[in-house]
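Colleague: Below: one structure in structure tokens.
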Amino acid sequence: MHTIHTLSELRAALAGAPNTAFVPTMGNLHEGHLSLIRQARAAGGAPVVASIFVNRLQFAPHEDFDTYPRTLERDAQLLQEAGCDLLFAPSERELYPEPQGYKVQPPSELADILEGHFRPGFFTGVCTVVLKLFNIVQPQLAVFGKKDYQQLMVIRRMVEQLALPIAIHGGETTRADDGLALSSRNGYLSAAERAEAVTLSRTLRGVADAVAGGRRDFAAIEAEAMQALSARGWAPDYVAIRRRKDLALPSSEDESGDASLVVLSAARLGTTRLIDNLELTP
Ligand code: PAF
């Protein structure tokens, strides 16, 4: 696997490649990312390209941009083992040689809810860097994890509305044995917090069971789940049952068919903010 740091070298390396599959990341890779690389390969990507770039634009001033783990050497090793062909790891000066004044503003109804409500500007930062990376890599396929469910939706919509010739594939969430969704931020958890962290996925499972069992009082189910998290010392931002296709509140039609719904959550445990989601299956 080659590691490339500049736009010009990357463009030269990928010129004319008809089947590029792309997995953008912020590094500090774990099995979840590696499974996206394998899915890119299985989908016929040749070459499979990963990027590692901690994107300042998607962090609020009080968030963890400065402390976000940067583990390039180890990441490169893992990518190579997972079958990645090419790693693009630009410096900040290379990707943002001047302050990024042109930005992609995603539609409010999709990007200012849930994560966007609690992290204003987050999806503008994500869309801006992803569009820029798409323009540099020019992939035919890009793979994003369902762990960041809203991000996947926002990017799908961007690709549709801006008519980008890129297929977007959603990769299933990889979980630890106890059910905790893998995340680079799990590394911030103390041992005691790590043991407690499984409560988030269990809570979502409880919501899924309640809906599968026939309950349709979604607001009450959400409130109960938030209370259960709070009672165990979490500070939940939201537990929300939404339509999968646009993350809008379910209508009465959606409520009759669980297949169209997803439950999403974000909650803080100590100083670590975790997110997770579960597609509801009938
Ligand atoms: O999901 C991530 O790691 C980031 O949001 C992404 C898509 C790489 C953009 O910086």
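Every number in this text was worked out from the coordinates using simple rules, so none of it is lab data. Quick caveat: nothing in here was measured; it's all calculated off a predicted structure. Backbone-built Cβ (ideal geometry, glycine too); neighbour counts: all protein chains shown.
Colleague: Assigning unit charges at the beta carbon (Lys, Arg +1; Asp, Glu -1) and nothing else, what dipole magnitude in debye, to the nearest 20, does the chain show about its Cα centre?
Modeller: Here the chain has a charge dipole of around 260 debye.
Colleague: Would the stretch 165-282 count as rounded, prolate or oblate if I go by the C-alpha gyration tensor, calling it rounded below 1.5 in a/c and otherwise prolate when a/b exceeds b/c, oblate otherwise?
Modeller: It is oblate, given that a/c is not under 1.5 and a/b is not larger than b/c.
Colleague: Of all DSSP beta bridges located in the stretch 1-146, what percent are antiparallel, nearest 5?
Modeller: 5
Colleague: Oh, and also: Using only Cα atoms, tell me the angle between helix 72-82 and the longest principal axis of the chain; keep it within 0 to 90° and round to the nearest 10.
Modeller: It works out to around 80 degrees.
Colleague: Work out the charge dipole of the chain with +1 on the Cβ of Lys and Arg and -1 on the Cβ of Asp and Glu about the Cα centre, then indicate which of ALA163, GLY213, SER260 is farthest towards its positive end.
Modeller: ALA163
Colleague: While we're here: Taking Cα atoms, how many degrees apart are the long axis of helix 149-161 and the longest axis of the chain, rounded to 10 and kept between 0 and 90?
Modeller: 60
Colleague: Got the relative contact order for the stretch 1-120 handy, in percent, Cα pairs under 8 Å and 6 or more residues apart?
Modeller: 35
Colleague: Still on this model: How do 196-205, 7-16 rank on mean C-beta neighbours within 10 Å, highest first?
Modeller: So the order, starting with the most tightly packed, is 196-205, 7-16.
Colleague: Additional query: Tell me the angle of helix 31-42 to the major Cα principal axis of the chain, expressed in degrees between 0 and 90 and rounded to the nearest ten.
Modeller: 60
Colleague: By per-residue mean of other Cβ atoms within 10 Å, what is the highest-first order of 143-156, 78-91?
Modeller: 143-156, 78-91
Colleague: Given the options VAL48, VAL137, VAL104, which has the most mean-square fluctuation in a GNM of the chain, springs set between C-alpha atoms less than 10 angstrom apart?
Modeller: Between VAL48, VAL137, VAL104, it is VAL104 that shows the largest mean-square fluctuation.
Colleague: Follow-up. Of the beta bridges DSSP finds with both residues in the chain, what % are antiparallel, to the nearest 5?
Modeller: 50
Colleague: Further, regarding this structure: Could you pull the Rg and Dmax for the stretch 96-242, using just the Cα atoms, both in Å?
Modeller: Rg, Dmax (Cα atoms, Å): 17.8, 54.
Colleague: Report, to one decimal in Å, the Kirkwood hydrodynamic radius for the stretch 20-165 based on all distinct Cα pairs.
Modeller: This gives a value of 15.7 Å.
Colleague: Per DSSP helix of 4 or more residues, -39500 (n - 2.57); summed, then divided by the residues of the chain. What does that give at 222 nm, rounded to the nearest 500?
Modeller: Mean residue ellipticity at 222 nm (helix-derived): -12000 deg cm²/dmol.
Colleague: Moving on to the next point. Could you give me the radius of gyration and the Dmax of the chain, taking only the C-alpha atoms into account and expressing both in angstrom?
Modeller: 19.0, 56
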